[in-house]
Amino acid sequence: MDNMDRIFLEGMAFFARHGVHPAERESGQRFVVDVTLYVDVAAAGRTDDIARTIDYVDVYRRVEAVVCGRSFQLIEALAEAVAAAILAEFPVWQVGVRVKKPGAPLPGYFESVGVEILRTKSHLVK
């Protein structure tokens, strides 16, 4: 793609029930999700028309539905599901997804653990 403009939503926090350990899925915890949508926004910039871009509210709601809709053992699987949903529903060429798990059951102090993926439309057909 020649134009690699980006729309991003950062720090979306959701309470959900993901984790390898049953206790994580039973009690739940907070997950923080960032998404970056790679899309040409030139037409929206020229016309000041929301119909020529992607509505952030729609993206937020779609991410929320995936994160809160079912339980995953791995945040890698959660990130893949978020990426697939965005690629299927929105006119983006590529999407970056970062999932952070600040309450992961690790010994010692840490800020968060997580995974970051980058997927394109071609990943949908595999």
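The values are calculated or read from the model by the stated rules, or taken from the named source; none is laboratory data. Owing to the predicted nature of the structure, the values given are computational and were not obtained by experimental measurement. With ideal geometry, Cβ positions are generated from the backbone for all residues, glycine too; neighbour counts draw on all protein chains shown. Just the protein is used for accessible areas: all its heavy atoms, side chains included, with ligands, DNA and RNA removed. Shrake-Rupley method; radii C 1.70, N 1.55, O 1.52, S 1.80 Å.
Over the stretch 1-119, what is the relative contact order in whole percent, taking alpha-carbon pairs under 8 Å and six or more residues apart?
27
Got a number for carbon plus sulfur as a percent of the stretch 75-126's accessible area, 1.4 Å probe?
57
So what's the net charge close to residue 19: Lys and Arg +1, Asp and Glu -1, counting the other residues with Cβ under 10 Å from its Cβ?
Cβ neighbours under 10 Å give a net charge of +1.
Can you figure out the FRET efficiency of residue 113 with residue 84, using R₀ = 22 Å and their beta-carbon distance, to the nearest 0.05?
Calculated transfer efficiency: 0.50.
In Å², what does the accessible area per residue of the stretch 9-83 work out to with a 1.4 Å probe?
Here the per-residue accessible area is 54 Å².
Using only the Cα atoms of the stretch 13-66, what do you get for the radius of gyration and for Dmax, in Å?
16.5, 51
Just grab the label-to-label distance for residue 61 and residue 25, each label 7 Å out from Cα along the Cβ direction, in nm (one decimal).
2.9
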